[in-house]
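The values are calculated or read from the model by the stated rules, or taken from the named source; none is laboratory data. For clarity, every value in this text was computed on a predicted model and none was experimentally measured. Using ideal geometry, Cβ is built from the backbone for each residue, glycine included, and neighbour counts are taken over all protein chains shown. For the accessible areas, the whole protein counts, side chains as well, though only heavy atoms, and no ligand, DNA or RNA atoms are used. Shrake-Rupley method; radii C 1.70, N 1.55, O 1.52, S 1.80 Å.
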Amino acid sequence: MTEQQARTLLDVRDLRVHFPTADGLVRSVDGLSFSLAPGRTLGIVGESGSGKSVTSQAILGLHRGTRAQVSGSISFDGVDLLGLPTRELRRLRGNEIAMIFQDPLSALHPYYTVGRQIAEAYRVHHSVGKRQALARAEEMLDLVGIPNAGRRLHEYPHQFSGGMRQRAMIAMALVNDPRLLIADEPTTALDVTVQAQILELMKKLQQEFGSAIIVITHDLGVVADIADDVLVMYAGHAVEQGAVADVFYRPQMPYTWGLLASMPRVENPRGQRLATIAGSPPSLIAPPAGCRFHPRCAYRGLVEGDACVTSAPQLATTEPGHLVRCHLEAAERARVLGNMKDGVR
Amino acid sequence: MTLSAGEFAAEPLPTTAEEAPTSVAGRSPWQIARARLRANRVAMVAFVAIVVFAVIAVVAPILQAVGVIDATTLHPDLVQGPGAMPTGAFGGISLQHPLGVEPQTGRDLLSRILLGITLDTAIAVAATIVSVGLGVVLGLVAGFYRGAADWSIGRLIDLILAFPQLLMLIALSPVLVQRLTDAGIPSGNPSKVTYIIAVLGFFGWPYFARIIRGQVLSLREREFVEAAEMLGARRSRINFKELLPNLWAPILVYSTLVLPTYISAEAAMSFLGVGIVPPTPTLGNLLQDSVNYATADPTYFLAPGLTLFIVVLAFNQFGDGLRDALDPRSDRAGGR
Amino acid sequence: MFQYILKRLLSIVGMLVLISISVFALFFAVPADPARLTCGKNCTPAIIEANRHALGYDKPIVTQYLDFMKGLVSERDFPDDPVIAKNSPQSITHCPAPCLGYSVTQGQLVSKMIKDAFPITASIAVGAFVLWIVGGVGIGVLSALKRGTLLERGLVSASLVAYSLPTFFIGLLLLNIVSIKYGLAPAAGYTPFLDDPVAWAQGMILPWITLAMVFAALYVRLTRANMLETLSEDYIRTARAKGVPEWAVIARHAMRAALTPIVTIAGLDLGGVLAGAAITETVFNLNGIGKTGVYAIQQLDLPVIVAVVLLSAFVIVLFNFVVDLLYAFLDPRVTLR
Ligand SMILES: Nc1ncnc2c1ncn2[C@@H]1O[C@H](COP(=O)(O)OP(=O)(O)OP(=O)(O)O)[C@@H](O)[C@H]1O
Ligand code: SF4
Ligand SMILES: [Mg+2]
């Protein structure tokens, strides 16, 4: 990460997004920092409710005008996004920074044709006529591999299949050649072949336009396939982050171990049950004291005393560019990791 | 049915408790709803008002029987002049008659209003029960058996809703009241009360039936999906015990919203000349009679009208609060 | 599409036949003797019999029904008796198609009464409709956009208050206090629009306000709820993420989706009031369809009751149909089958 900091496109520091609700303050994102260089891809993983979508929406300023409390700093190409007036932020939205939303059926307007919605994204940032914008939309649909784009242009989202809607979302996000693309679970609920096609598409587009990509996913396979760096989130925190190779080959803490263990892989024969992390995600209103993962952690016995329960671990560097939030001693980690590699699992 | 004073319109359907959010703190949807309702000050005030009216409805006939209030005794001495208007200011307000007396008869207005509340709420509650009863049974039948039963009930509902309802409420009166009397119900007001309950209940059930049917079908759908996912089952059965908790919330919300429309409907029927007639007091016939004195005796005109308004408002406010409390979507907010 | 329309039209006809049969069965089974009710105090048995004959009440009910249905497409005579027709043709009332019957009480053809009443009801309905749509939807959208402000709370409370006031109470207040006592508004009355548009509007102001009040209150609530729900939809977030300006997010994206269901409800409600605004018409003493119906019911004037109920049902069913077509046109997800 160090050498990239020279050319940083996006820099997020100590981001917090809190929602006041009747039940209390929901701390969905609670002190998150990461940065991203042009042409690179960051994968954000973590189980449902860990704050992935909330983070990505914060970058686009989509919490403005709601009750959400956003703090920290987000700078995009040197511009502080959190302090930017909405009017100016709007010029970046969809133009410099674009987003592919989770669940394209509900993210597309049911009453407008797909073509019109893509064309609108183009027209907002370019002074062109309707016809020109539609031509551009057709071009994009073609680019993302929708057959008969000229005809499909005039269809409504409900007439598209799941995979095609996902492609349409991508076309809409890419219509202005954004410098940062945020893809929130772009392949969830798609079958494996379509999933592979879409990832391939994103890689191709990145090569073509040199965009930076944030890809949010539950699926570590997607991260391994497409990302350079990875950020593992748990209960609004980063618990481990670094280069994909480092994190995947030398994971340093129990939650990441669990995630990796639950990942389907070639050597894991089909039909065999995947390991899952026992327990359920913690409350974001009153998160567990100490390490937020401790109620579900199988390794906290290896930490001396009750540090896991009483004191919150801080993110610490284990090797250059590899950060981990865990009390375990380096020696213990190495031992556990060694056992895992030996196939104890 | 939103029969606010006669012209009908539809309100969005209340949502169900099962859709309620699964709370972070792990409370049941009902507990969440109750907490939300408690926090809604307007709804709580409305609730208190409803309780007060309920107490009045129960106690007024007793007070009348033991002579604490007196809605029937004529006081010719308290009215005077060619129009037999109440003596004294503001419609003859005095210690004995806090709201004054009726023109012509000199009967105590407060007593009549209190007794009117009793009869009006009794009618509205009974009509709501009829609507809910018919609606639940027919809605369940339609949802469970689908096919021909569903189709027939659906067409019956279409047919009922095609009638101009307010007009039917009054048009059926000459036909049916006599029938009820022939059937052995005492003639006059008892037959009329029965008639009003029956027609309001009858024209109200389709709305309940639709909600219930929708619930049954959506639950079926979900059960089917779950069962199919887990067992590869082809078809699933829903038992009634499972269904009931999902029906409670919409029935409750909808009843609270329908009840005040029945109260206004009674008044509208009185106004159009087919309601319960004096000396039995209802808010409707008091209001209807008082119309003639709107300018000459404003107290007499406003008292029953405002009472009616407050009762209806209290139910509407509470029903609103109840729906918001049970509706998980009511807490969401848009952005910029 | 064509098939759907055909199917719907057939079902409408079926529905109206069913309604007419039930109405006939209900009303002609009135315990009281309908012929007896057709004449006042100085009735003689002879007059009653004559009226009974004139109205065809001496025939079996099925025949009466068939005669009525026939009258819708061909002319009828009252009484329908060749002997009388030959001896004293002046005592025959001729009723051209579509014949809805003859009101002895009013001494008029029912179709004539309806023809006179409908413009009045239509005047009330259309004006009130415009008022409640503009007011209700406008305030509803405004209160949704001002969510959480004092203004929103005020508007919502005011709408609930208006919604809880019985129509006839509002009407009577306006009539007796505003108009009669203080003379703040022109008295209600009907002047044909073509005769004098200004007088027409003046006479309609109070009825419009009365009828529109409850509906406007309802529409404020419906619109606000729909807008709030739509504003929290994912596709609104998408629009914002595309950089669409806020006014366009609201006008193009939110209102398009939030108001479409309102169109449906508005259509049904317009049908409902065109079928007769009985209370408003009665309060302001306007002889529209509703008041005609109410008066006929009070007089047990059966031919008029049957005609009014049928006409109202027809309008309601027709608007149902139109609204379904409209909805399919407005919402691309709906296909007519
Ligand atoms: N407007 C809001 N008000 C209250 N809580 C919210 C709000 N938006 C999100 N949250 C909470 O924030 C947490 C994080 O949500 P987020 O959508 O970021 O999860 P996620 O990691 O994207 O999960 P998933 O994988 O299911 O998409 C969740 O617990 C969610 O309930
Ligand atoms: S800090 Fe303790 S509880 Fe938390 S992950 Fe590390 S070992 Fe487990
Ligand atoms: Mg998410």
>> So, in the stretch C:271-282, exactly how many residues are over 15 Å from C:P207 (Cα atoms) and either more than 7 Å from every other protein chain (Cβ to nearest Cβ) or in contact with a Lys or Arg (Cβ under 9 Å, 6 or more places away or on another chain) (or both)?
In response: 1
> Can you pull out the residues in the stretch C:240-249 that are within 11 Å of chain B (Cβ to nearest Cβ), open to solvent by 30 Å² or more (accessible area, probe 1.4 Å) and assigned to a helix (DSSP H, G or I)?
Replying inline: C:E246
>> For the stretch C:126-157, give me the residue count where each residue is in contact with a Lys or Arg (Cβ under 7 Å, 6 or more places away or on another chain), closer than 14 Å to C:L259 by Cβ and more than 10 Å from every other protein chain (Cβ to nearest Cβ).
In response: 1
>> If I ask for residues that are open to solvent by 50 Å² or more (accessible area, probe 1.4 Å) and either at the interface with chain B (Cβ under 9 Å from one of its Cβ atoms) or among the charged types (D, E, K, R) (or both), which ones from the stretch C:209-227 would you list?
In response: C:R224
> Got at least one residue in the stretch A:6-13 being assigned to a helix (DSSP H, G or I) and within 16 Å of ligand 3 (Cβ to nearest atom)?
Replying inline: no
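Results for (1) surrounded by fewer than 24 Cβ atoms within 10 Å (Cβ to Cβ); (2) assigned by TED's automatic domain parsing to the domain that holds C:I120; (3) of a type in the set (A, V, I, L, M), shown as yes or no for each residue.
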residue: C:G189; (1), (2), (3): yes, yes, no
residue: C:D196; (1), (2), (3): yes, yes, no
residue: C:P207; (1), (2), (3): no, yes, no
residue: C:T238; (1), (2), (3): no, yes, no
residue: C:H253; (1), (2), (3): no, yes, no
residue: C:A257; (1), (2), (3): yes, yes, yes
residue: C:I262; (1), (2), (3): yes, yes, yes
residue: C:V273; (1), (2), (3): no, yes, yes
residue: C:G276; (1), (2), (3): no, yes, no
>> Residue under question is A:I198, and the condition is that it be at pLDDT 85 or above, part of a helix (DSSP H, G or I) and among the β-branched types (V, I, T); does it hold?
In response: no
>> Checking the condition under 25 Å from B:I251 (Cβ atoms) and within 12 Å of chain C (Cβ to nearest Cβ), which residue from B:R179, B:R155, B:R146 passes?
In response: B:R155
> If you check every pair at least six apart or on different chains, which have Cβ atoms under 6 Å apart with a residue in the stretch A:164-186 that is away from chain C (no Cβ under 12 Å) first and a residue that is open to solvent by 10 Å² or more (accessible area, probe 1.4 Å) and modelled with pLDDT of 90 or more second?
Replying inline: A:R179/A:E96
> Considering only strands (runs of 3 or more DSSP E) fully contained in the stretch A:29-101, which possess at least 1 residues that are open to solvent by 10 Å² or more (accessible area, probe 1.4 Å) and away from ligand 3 (no atom under 16 Å from the Cβ)?
Replying inline: A:69-76
> In the stretch C:93-148, how many residues are within 17 Å of C:T280 (Cβ to Cβ) and open to solvent by 60 Å² or more (accessible area, probe 1.4 Å)?
Replying inline: 4
> Scanning for something open to solvent by 40 Å² or more (accessible area, probe 1.4 Å), modelled with pLDDT of 80 or more and of a type outside the set (D, E, K, R), does the stretch C:44-62 turn up at least one residue?
Replying inline: no
> Does B:L200 fit the bill of being at pLDDT 85 or above and within 14 Å of another protein chain (Cβ to nearest Cβ)?
Replying inline: no
>> Can you pull out every residue in the stretch A:126-135 that is open to solvent by less than 40 Å² (accessible area, probe 1.4 Å) and either closer than 21 Å to C:A241 by Cβ or touching a Cys at 6+ places or on another chain (Cβ under 6 Å) (or both)?
In response: A:V128, A:A133
>> Tell me whether the stretch C:172-186 contains one or more residues that are within 11 Å of chain B (Cβ to nearest Cβ), in contact with a Phe, Trp or Tyr (Cβ under 6 Å, 6 or more places away or on another chain) and not aliphatic (A, V, I, L, M).
In response: no
>> Residue pairs, Cβ under 6 Å, 6 or more apart or interchain, first in the stretch B:161-175 and facing chain C (nearest Cβ under 7 Å), second of a type in the set (S, T, N, Q) and part of a helix (DSSP H, G or I). List them.
In response: B:P164/C:S312
> Cβ-Cβ below 6 Å, separation at least six or inter-chain, first residue in the stretch A:41-66 and on the phi > 0 side of the Ramachandran plot, second near ligand 3 (Cβ under 9 Å from one of its atoms): which pairs?
Replying inline: A:G46/A:K52
>> If C:L318 meets every condition in (1) part of a loop (DSSP other than H, G, I, E, B); (2) within 12 Å of chain B (Cβ to nearest Cβ) apart from one, which number is that one?
In response: (1)
> Does the stretch A:280-294 hold any residues that are in contact with a Ser or Thr (Cβ under 9 Å, 6 or more places away or on another chain) and away from ligand 1 (no atom under 16 Å from the Cβ), and which are they?
Replying inline: A:A289, A:G290, A:C291
>> Considering only the stretch B:277-288, I want to know if a residue exists there that is touching a residue at least 60 places away in the same chain (Cβ under 8 Å) and over 18 Å from B:S111 (Cβ atoms).
In response: no
>> I'd like the full set of residues that are over 22 Å from C:M204 (Cβ atoms) and open to solvent by 40 Å² or more (accessible area, probe 1.4 Å), limited to the stretch C:157-173.
In response: C:S157, C:A158, C:V161
> For the stretch A:151-163, does any single residue satisfy the condition of being more than 16 Å from ligand 1 (Cβ to nearest atom), touching a strand residue (DSSP E or B) at 6+ places or on another chain (Cβ under 8 Å) and either in contact (Cβ under 8 Å) with a residue 40 or more places away in the chain or assigned to a helix (DSSP H, G or I) (or both)?
Replying inline: no
> When the stretch C:285-300 is examined, which residues are found to be assigned to a loop (DSSP other than H, G, I, E, B), more than 7 Å from chain B (Cβ to nearest Cβ) and open to solvent by 10 Å² or more (accessible area, probe 1.4 Å)?
Replying inline: C:N285, C:N287
>> Just to check your reading of the model, which residue among A:A121, A:A183, A:A171 is buried (at least 16 other Cβ atoms within 10 Å of the Cβ), of a type in the set (G, A, S) and within 16 Å of ligand 1 (Cβ to nearest atom)?
In response: A:A183
>> So A:L190 passes all but one of these: (1) in a loop (DSSP other than H, G, I, E, B); (2) aliphatic (A, V, I, L, M); (3) more than 30 Å from A:P251 (Cβ to Cβ); (4) open to solvent by 10 Å² or more (accessible area, probe 1.4 Å). Which condition number does it fail?
In response: (3)
> What residue, of B:I129, B:I153, is open to solvent by less than 50 Å² (accessible area, probe 1.4 Å), in a helix (DSSP H, G or I), closer than 29 Å to C:V23 by Cβ and among the β-branched types (V, I, T)?
Replying inline: B:I153
